[in-house]
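Down below is the structure, laid out as structure tokens.
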Amino acid sequence: MTHNTDPAAGLPAPEAGQDASITSEGSTSERAHLDNGGRAPWHPLARQAFLQAIDDGWADPRRLHSEGRRAARLLDGAREAVAAEIGARTEEVRFTATHTTALHHAVLGSAAARARVGADVVVGGTERAAVLHAAAGAAAARGGTRRVVPVDRAGRVDLDELRSAVGAPGVALAALQHANGEVGTRQPVVEAHEAARAAGVPLLVDAGASLGHDVVPGAWDLLAADPADWGSPAGVGVLAARQRVRLAATGPEEADPWAPGGVSVPAAFAAAVALQAVAADRSAEDARRRALTDRVRAEVARIPDVEVVGDPDDRLPHVVTFSFLYVDGEALVTELDRAGVAVGSGSACTASTLEPSHVLAAMGVLTHGNVRIALDRSTTEGHVDRLLAVLPGAVARVRDLLGVTGL
């Protein structure tokens, strides 16, 4: 079917997530967008699938008429495709409103279903804030405790501590991310799953930063993923639960308790198509990005008073984080943005909490002056060249503004 209009007509729609920008020197050049973790530019096939599903899947898939049945087929097909990629059965996969919603449902639903067994929830020290908060709430609601397993300086959990924690009486659930989206370090989920199964405790694996970029082992009882991270539309999440795992609804009665009111069929369909697409060329694409991140790690290490964090080898292929002494993270992000480079800052204080990154704090590494980059499939060597060209000067200018030059 031919479409004569772009659904984003009237909005900025730069190619592959890049646009033209005025740099601090006043010249116009291509920006390097290197902050793609959690919200990457749409994969071209995701856009194509989304447009198709707008035409074919706009109706309510719960309705019995032809239009509703057509939308239901698209949704079922999306679930089947995602299930195949993660090694699950179609009936074990659910779509939710967001990745955060999937994590909340997994923690709260599993804890509620296992209330007779215990009320404690075991989590790794570098888990996503959504997991940490949900774990604290689920445990406190039943008089339990959130047990936080410490991590080393690479961000990897202490396996002995984890085994001890999940083996203790009264544990309802354990949660461990497959890999950390802030520093890239992979976690020992296979060993963690073995320990959890031996103790009869379900393991929630958060694959929000890794699915679509890395091979996620089938060692999980519950799994949550974020389609926006692999180049799909925001507004949909993935929650998978093995058939042996019980989940209790934690809200009012709904036809679909995991997605009250239903999910966006176009978003779910686009997520499945994009996941198949990125899985098809993952080996070659991730080898390319790993070479780029290896280069960034080596070049950044030459800048004075810097700490490149996360495991240098056993990590996601597209994520790099480094922290500078005597530098304010937010000021550095702003300075780089003026130079045409968009990055994240894992340790930048937020306006609401004024607290540094809990991930870096748990690792015991430098928490301020932090820069986090996540490379998309559209990221080129030229974009990395731009970052490495402007970064030393940006660091020097921020240090000069803070009056710490020469320390």
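Checking R89, R63 one by one, the residue that is closer than 16 Å to V265 by Cα and either in contact with a Lys or Arg (Cβ under 6 Å, 6 or more places away or on another chain) or exposed (fewer than 14 other Cβ atoms within 10 Å of the Cβ) (or both) is R63 and no other. Residues in segment 149-163 that are under 12 Å from A192 (Cβ atoms) and not charged (D, E, K, R) were compared, and the one that is surrounded by the fewest Cβ atoms within 10 Å (Cβ to Cβ) is L159.
Having 1 or more residues that are of a type in the set (K, R) and modelled with pLDDT of 90 or more is the bar; report the strands (runs of 3 or more DSSP E) wholly within segment 4-121 that clear it.
Working: elements: 20-22, 28-30, 93-96.
In segment 4-121, 93-96 are the strands (runs of 3 or more DSSP E) which contain 1 or more residues that are of a type in the set (K, R) and modelled with pLDDT of 90 or more.
Could you check, for segment 248-271, whether at least one of its residues is over 18 Å from R89 (Cα atoms), under 18 Å from the mean Cα position of the chain (by Cα) and in the same structural domain as F50 (by TED's automatic domain parsing)? So far as segment 248-271 goes, yes, one or more of its residues are over 18 Å from R89 (Cα atoms), under 18 Å from the mean Cα position of the chain (by Cα) and in the same structural domain as F50 (by TED's automatic domain parsing).
If the condition is being out of contact with any Lys or Arg (no Cβ under 9 Å at 6 or more places or on another chain) and of a type in the set (D, E), then segment 102-135 contributes only E127. Taken together, the residues in segment 168-193 that are closer than 28 Å to F322 by Cα, among the charged types (D, E, K, R) and surrounded by fewer than 24 Cβ atoms within 10 Å (Cβ to Cβ) amount to 1.
Among the residues in segment 184-191, are any within 23 Å of the chain's Cα centre (by Cα), more than 22 Å from A241 (Cα to Cα) and not assigned by TED's automatic domain parsing to the domain that holds I373? The answer is yes; a qualifying residue exists.
Residues in segment 40-81 that are acidic (D, E) and out of contact with any helix residue (DSSP H, G or I) (no Cβ under 8 Å at 6 or more places or on another chain): D55, E67. Considering segment 164-277, the qualifying strands (runs of 3 or more DSSP E), each wholly inside and each with 1 or more residues that are closer than 21 Å to R147 by Cβ and not aromatic (F, W, Y), run over 171-177, 203-206, 222-225.
The values are calculated or read from the model by the stated rules, or taken from the named source; none is laboratory data. All values reported here derive from a predicted model rather than from experimental measurement. As a convention, Cβ positions derive from the backbone with ideal geometry for all residues, glycine included, and neighbour counts pool all protein chains shown.
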